[in-house]
Amino acid sequence: MSAPKFTLLCNSHNCRAKLSGFAWVTACSHAFCDQHGSEEFSRTPAICPACSSMLSGKLDVLRTELAPSEQYKAMVLVGLRPETVLEISHKALDFWTYQVNQERLLMEYSLSRAGGQVLQMEKFMIQQNQSKELELNALRGEIASLKKVLEEYKRKYSEVLERLNEQNRQYQKLQGLLDSVRMHTLGTREKDPISHSFTTGLVKPRSPHSSPSFLGSEGDRFFSLGPENTKTFFQFSTPTRDRTQTFIKKN
């Protein structure tokens, strides 16, 4: 497997896009995309957005083509001495080495920052778990106490239900006794119609010449004797006999 090719990224903190086509490179070994380079280096004096270095020299900032043509590559170093070519190549390699190291340092910083955030999140989660565990234990204790209260209520309910059933049985027994007494009373009245009529207060006349009944003038309402009527009704005197008339003859 071939190693993945390193790609230059825009050194602007708000961009970080992969560089392609044209790019702006600085003497302080930073590279920027064509858009941000044109915006930043159009002002005079130019300032590097990455390290705030002053770029006042004529060749401190260059706009270069990242994928030059074959003709350009064939002619760019032609005529230069070998030590000059090696020096140029060395400086170009130093630029790439710096970019790679900067990306590595940035990734390590991002990783350490992410690791710190992970540790904070773990501590937060541990605290949350502990607090939730305490709440859960409190809820478990409350549930246990409520279960005890529920069992107590169930026991009281069973006792009340048992007493209610006992009272219902007693009521049914008394109701049966009452019904039997009523049946016995009705049977006795059917066997003794005279006493039944007397107890009801109604006497049916047997003939027109029979003794007057306890009925009112209208004949359909029961004639009731009040306290004063009772006194006058039962208060009578014997008729005066004529002393001259002798009912018993003496011998």
Criterion: out of contact with any Phe, Trp or Tyr (no Cβ under 6 Å at 6 or more places or on another chain), of a type outside the set (Ser, Thr, Tyr) and in a helix (DSSP H, G or I) - qualifying residue of Leu62, Leu136, Leu77 = Leu136
Looking only at the range 72-129, count how many residues are of a type outside the set (A, V, I, L, M), open to solvent by less than 100 Å² (accessible area, probe 1.4 Å) and in contact (Cβ under 8 Å) with a residue 24 or more places away in the chain.
-> 6
Single unsatisfied condition, Ser20 versus (1) open to solvent by 50 Å² or more (accessible area, probe 1.4 Å); (2) under 60 Å from the mean Cα position of the chain (by Cα); (3) over 22 Å from Leu93 (Cβ atoms) = (3)
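Taking the range 39-59, which residues are hydroxyl-bearing (Ser, Thr, Tyr) and either in a strand (DSSP E or B) or touching a residue at least 24 places away in the same chain (Cβ under 8 Å) (or both)? If you could, list the steps in order and put the result at the bottom.
Of all residues in the range 39-59, those hydroxyl-bearing (Ser, Thr, Tyr) come to 42, 44, 52-53, 56.
Within the range 39-59, Ser53 is the sole residue that qualifies.
I'd like the full set of residues that are surrounded by 11 or more Cβ atoms within 10 Å (Cβ to Cβ) and more than 25 Å from Leu106 (Cβ to Cβ), limited to the range 27-56. Break it down stepwise before answering.
Pass one, the range 27-56, residues surrounded by 11 or more Cβ atoms within 10 Å (Cβ to Cβ): 27-41, 46-51, 53-56.
Once the filter is applied, which keeps residues that are surrounded by 11 or more Cβ atoms within 10 Å (Cβ to Cβ) and more than 25 Å from Leu106 (Cβ to Cβ), the range 27-56 yields only Ser56.
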Could you tell me whether any residue of the range 98-120 is over 60 Å from the mean Cα position of the chain (by Cα) and within 24 Å of Ala17 (Cβ to Cβ)?
-> no
Does Thr64 satisfy being open to solvent by less than 70 Å² (accessible area, probe 1.4 Å), in contact with a strand residue (DSSP E or B) (Cβ under 8 Å, 6 or more places away or on another chain) and at pLDDT 90 or above?
-> yes
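The values are calculated or read from the model by the stated rules, or taken from the named source; none is laboratory data. Everything numeric here is computed off the predicted structure, so don't read it as measured data. Backbone-built Cβ (ideal geometry, glycine too); neighbour counts: all protein chains shown. We work out accessible area using only protein heavy atoms, side chains counted, and drop any ligands, DNA or RNA first. Shrake-Rupley method; radii C 1.70, N 1.55, O 1.52, S 1.80 Å.
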